[in-house]
1. Tell me the relative contact order for the chain as a rounded percent, counting alpha carbon contacts under 8 Å between residues six or more apart.
2. Any idea how far the Cα center of the stretch 73-90 sits from the one of the stretch 5-50, in Å?
3. Starting from the 7 Å offset along Cα-to-Cβ, what nm value, one decimal, do you get for the label separation of residue 63 and residue 79?
4. Give me the angle, in degrees from 0 to 90, between the Cα long axis of helix 56-67 and the longest principal axis of the Cα atoms of the chain, rounded to the nearest 10.
5. Per the Debye formula with a single identical scatterer at each Cα and no solvent contribution, what log10 I(q)/I(0) holds for the chain at q = 0.20 Å⁻¹?
6. Net charge near residue 10: determine it from the other residues with C-beta under 14 Å of the C-beta of residue 10, scoring Lys and Arg +1 and Asp and Glu -1.
7. Which loop-located GluC sites (Glu not before Pro) does the stretch 23-98 contain, where loop means any DSSP state but H, G, I, E or B and the Cβ has at most 11 other Cβ atoms within 10 Å?
Amino acid sequence: DGIVTLFDDMGLGVYQVVKSNDMADQVDIFGYDNMSEIYDLIVDGTNYINTVDTCTYVTGRNLVYAVEKYCVQGEIIPKTIFMEPVVYDNSNIADFDYLQYGEGEKEK
């Protein structure tokens, strides 16, 4: 019924194979990693159902802030800084902010 992939680049390959074999109505694809190429597949209502954003950009930004606070400002910071992953599907994919990933505005 469905295939869960570890990364969206894997999911994109699965999507191409499923589509080329005319099985898109039989197999849903669930991705992980929030690749921008998946955006249109989700928006267009294909069988690529979702992607999980692991917050890599935000995690990197928070790491830089934590280093600055600790090394420059001398603040004690938490040992763990948890970032809540976001699952994007057709209900919320429009909320994805391409600008934070440096990809620019999406054409409509």
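1. Result for the chain is 23 percent.
2. Comparing the Cα centres of the stretch 73-90 and the stretch 5-50, I get a distance of 27 Å.
3. 2.0 nm
4. 10 degrees
5. Scattering profile of the chain, log10 relative to I(0): -1.00.
6. -4
7. The qualifying sites are 75.
Quick note: the coordinates plus some simple rules give every number you see, no bench work behind them. For clarity, every value in this text was computed on a predicted model and none was experimentally measured. Don't worry about glycine lacking a Cβ; one is built from the backbone with ideal geometry, like all the others, and counts go over all protein chains shown.
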